[in-house]
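**Student:** Next up is a structure, given as structure tokens.
The values are calculated or read from the model by the stated rules, or taken from the named source; none is laboratory data. Source: prediction; values computed, not measured. Cβ sites come from the backbone with ideal geometry, for glycine too, and all protein chains shown count toward neighbours. The accessibility values were calculated without ligands, DNA or RNA, using every heavy atom of the protein model including side chains. Shrake-Rupley method; radii C 1.70, N 1.55, O 1.52, S 1.80 Å.
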Amino acid sequence: MNNRIIIFIFFLVFLFVPVFLDIKVSPQQRYNSDEDKIIYAIASVSESVVGISVISEIPDQKLSWELKDGTFYPYTQKDSIIKSLGSGLIYSNNGYVVTNTHVIQNASQIFVTLSGGEKFKANVVGYDILTDIALLKVEAKDLPVTTFGDANKLVVGQWVIALGNPLGLFDLSYEPTATIGIISGLNIDFGTKNQEYVYRNMIQTDASINEGNSGGPLINIDGEVIGINTFIMTGADPNQGSIGIGFSIPINRIQEITHDLILYGEVKRTYSTGIKVKPMNTNVQKYFDTPFNNGVVIVDIEKKSTAMVAGLKIGDIILKVDGVLVNSNEDMNAINRQNFRKVGDKIELEIWRSHKILSVPLELKNYY
């Protein structure tokens, strides 16, 4: 058989067999260019992005003066009405919406605007200050949802797109604004900010993020949500806006926290170690004949606590918590906060007892 005929037959087979077998081809596979993939990714997620409007009434007892009939009279200003904007992501088709805690904290009223312009009053299901994650609920059904990616598989240089409501533009077009960039860094650790929020393992991107973007999704070009945009760094002028340094909370953490908020309305972080400690000093060091002066000594253990079950004893000296040196009870609390500890978690204590260093796992428990 002629070689040309054979090649032609193979061409026909590859052309028509997928049609006869009804083989599914994803939209991403049909697109040949990165531009096509980006357009598809934006279109596939945009309907799941919402604009959030917040009204806060903050008491203000500042003494002011007003002019009446030619005379100045003192008066106390009762309330200040503050309006702010943010973004959110529809988490489930029955009305759950995820955003940042700092977007909705202290709100007296919250409104969620869907793509297309339909607006709902939202209720707060719960929020977690530590991780800056909040969950809202609107009375709506069959809402569009999107696909979640895996933030643990991200690489620096990967294309990403930020979607949201910068400067309130969502209320003008009733669709999110899209900006594109790359992943500039991974596992960025800021520790505690504003004495409230802990930002660890953050995703850094140069996609433009501005005021109002907080709570909106960061997606990859496959249309998967990989993070929630949270804050930016600016230049010397705080009103300068985006300079290409923005940060997002990884979607894996969003899912974990949101799961707790749906189940309990909170993330249970009110726990006890079951022990009382005091910092080391010269007298304690001499008494226990320790070769170091750091650590905290256990001075009391609650009965029936997990500390007692773990075998801890009065006089044990705790040197480290989860591998980090401690010198006070505040150090222990700070480490637990930095690691997002909650009720039921186990921490690893390194203790000194009878001239030996031991490792003891300890469960954090709520006894009330």
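**Student:** If you take the residues in the range 213-246 that are touching a Phe, Trp or Tyr at 6+ places or on another chain (Cβ under 6 Å) and under 23 Å from Glu35 (Cβ atoms), which one is modelled with the lowest pLDDT?
**Tutor:** For the range 213-246, the residue satisfying everything is Ile221.
**Student:** From the residues in the range 298-311 that are open to solvent by less than 10 Å² (accessible area, probe 1.4 Å) and without any contact (Cβ under 8 Å) to a residue 60 or more places away in the chain, which one is nearest to Val284 (Cα to Cα)?
**Tutor:** Filtering the range 298-311 for residues open to solvent by less than 10 Å² (accessible area, probe 1.4 Å) gives 298, 305, 307.
Filter again for without any contact (Cβ under 8 Å) to a residue 60 or more places away in the chain, leaving 298, 307.
Working: Ile298: 11, Ala307: 21 Å.
Checking each candidate, the answer is Ile298.
**Student:** Follow-up. Name the single residue that is modelled with the highest pLDDT among those in the range 276-293 being open to solvent by less than 80 Å² (accessible area, probe 1.4 Å) and farther than 20 Å from Pro361 by Cα. Talk me through it step by step, then tell me what you get.
**Tutor:** Let us first name the residues in the range 276-293 that are open to solvent by less than 80 Å² (accessible area, probe 1.4 Å), namely 277, 279-281, 284-285, 288, 290, 292.
Now drop any that are not farther than 20 Å from Pro361 by Cα, which leaves 279-281, 284-285, 288, 290, 292.
Details: Pro279: 93, Met280: 90, Asn281: 86, Val284: 84, Gln285: 85, Phe288: 83, Thr290: 86, Phe292: 85.
That would be Pro279.
**Student:** Which condition from (1) aromatic (Phe, Trp, Tyr); (2) buried (at least 19 other Cβ atoms within 10 Å of the Cβ); (3) at positive phi is the one that Trp352 breaks?
**Tutor:** In the conditions (1) aromatic (Phe, Trp, Tyr); (2) buried (at least 19 other Cβ atoms within 10 Å of the Cβ); (3) at positive phi, Trp352 misses (3) alone.
**Student:** I'd like to know if the range 115-125 contains one or more residues that are under 19 Å from Pro217 (Cβ atoms), within 19 Å of the chain's Cα centre (by Cα) and not in a loop (DSSP other than H, G, I, E, B).
**Tutor:** Yes, that holds for at least one residue.
**Student:** Oh, and also: Going through Ile262, Ile254, Ile226 one at a time, which residue ends up being within 24 Å of Ser53 (Cβ to Cβ), open to solvent by less than 20 Å² (accessible area, probe 1.4 Å) and touching a residue at least 60 places away in the same chain (Cβ under 8 Å)? Full working, then the answer.
**Tutor:** Working: Ile262 fails: open to solvent by less than 20 Å² (accessible area, probe 1.4 Å); Ile226 fails: within 24 Å of Ser53 (Cβ to Cβ).
None of the other options fit; the residue is Ile254.
**Student:** Now, a different point. Suppose the filter is open to solvent by less than 30 Å² (accessible area, probe 1.4 Å), touching a residue at least 60 places away in the same chain (Cβ under 8 Å), in a loop (DSSP other than H, G, I, E, B) and within 30 Å of Val343 (Cα to Cα); does Leu130 pass it?
**Tutor:** Working: open to solvent by less than 30 Å² (accessible area, probe 1.4 Å): yes; touching a residue at least 60 places away in the same chain (Cβ under 8 Å): yes; in a loop (DSSP other than H, G, I, E, B): yes; within 30 Å of Val343 (Cα to Cα): yes.
Taking the combined requirement at face value, the residue satisfies it.
**Student:** In the list Thr234, Thr192, Thr230, Thr282, which residue meets the criterion of being of a type in the set (Ser, Thr, Tyr) and within 24 Å of Ser44 (Cβ to Cβ)?
**Tutor:** Numbers: Thr234 fails: within 24 Å of Ser44 (Cβ to Cβ); Thr192 fails: within 24 Å of Ser44 (Cβ to Cβ); Thr282 fails: within 24 Å of Ser44 (Cβ to Cβ).
Criteria check complete, one pass: Thr230.
**Student:** How many residues are in contact with a strand residue (DSSP E or B) (Cβ under 8 Å, 6 or more places away or on another chain), more than 21 Å from His355 (Cβ to Cβ) and surrounded by fewer than 14 Cβ atoms within 10 Å (Cβ to Cβ) if we restrict to the range 312-334?
**Tutor:** Of the residues in that region, 1 qualify.
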